[in-house]
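Quick note: the coordinates plus some simple rules give every number you see, no bench work behind them. Only a predicted model underlies this, so the values are computations on that prediction, with no experimental measurement involved. Note that each Cβ is placed from the backbone with ideal geometry, even for glycine, and that neighbours are counted across all protein chains shown.
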Amino acid sequence: MQFGGDDQWANMLGGTELIRKKLGKDAYAMTITLLLNSEGKKMGKTEKGAVWLDPEKTSPYEFFQYWRNVADADVIKCLKMLTFVPIEEIEEMEKHMEGAEFNKAKELLAYELTALVHGEEEAKKALDTAKAVFGGAGSSENMPTTAIPADKLTDGAINILDLMVECGLVPTKSEARRNVQQGGVSVNNEKVTDPKAMIPLDGETILKKGKKVFHKVTLG
């Protein structure tokens, strides 16, 4: 028996036929509905914006935020496909999905999936950090963190583009430049619009990309 995404149906049938011809035995294939993102693309390591189960590649907080930020149109589908929340509860939520209810559903989705993958303790940490950050309390205790070695600094500072790449917020400096020039980057709540800006690192620095991606920077 082989399980796979429904985009692999033809390949899986080919496999069952090969087994039948070579071994004279029956084989079976079962497809599973693909989970697509809001752009209609399947989730996977080859797609931009992939989310990993490995905490070394996607931290529990980043994992939580990934699901907390799904599109409104996707949250009910994700709750049904990916969590063990009783279907009756999800269907009841679906009847009243408007305004703040979307945020409650996304928070539930993010918590349930983070607990499933990383455990209840990490899920609670991620939830508490998200509430503190977005509620204005500014807690960074469990925020994703990058320690920048002193040899990366020039007179105690680092270029904003280099900083974003070092923190893994963008894959390239060109993408970092676009984010900065479009006004989507802040450091300690101060918007940075100059790609040549040098960011002094002294103690804890909070780097923000867009509205929902926060990252703590310290000296290594």
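The table that follows gives values for the structure above.
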quantity: Cross-link partners of K152 among lysines (Cα-Cα below 16 Å; sequence separation of 8 or more within a chain); calculated: K173, K196
quantity: Nearby lysines by direct alpha-carbon distance to K125 (threshold 16 angstrom, same-chain neighbours under 8 apart not counted); calculated: K216
quantity: Relative contact order [Cα under 8 Å, 6+ residues apart], segment 60-134, whole percent; calculated: 46
quantity: Most to least packed among 27-36, 197-206, 56-65 [average Cβ atoms within 10 Å]; calculated: 56-65, 197-206, 27-36
quantity: Translational diffusion coefficient (Stokes-Einstein; Kirkwood radius from C-alpha pairs) of the chain at 20 °C, 1.002 mPa s, in µm²/s; calculated: 107
quantity: Within-14-Å neighbourhood charge of L79 [Cβ basis; K, R +1; D, E -1]; calculated: -4
quantity: Highest average packing first - 84-93, 71-80, 144-153, Cβ atoms within 10 Å; calculated: 71-80, 144-153, 84-93
quantity: Lys, Arg +1 and Asp, Glu -1 on Cβ, resulting dipole of segment 178-219 about Cα centre, debye, nearest 20; calculated: 320
quantity: Cβ charges +1 (Lys, Arg) and -1 (Asp, Glu), total dipole of the chain, debye; calculated: 780
quantity: Candidate lysines - alpha carbon under 21 Å from K25, same-chain residues fewer than 8 apart omitted; calculated: none
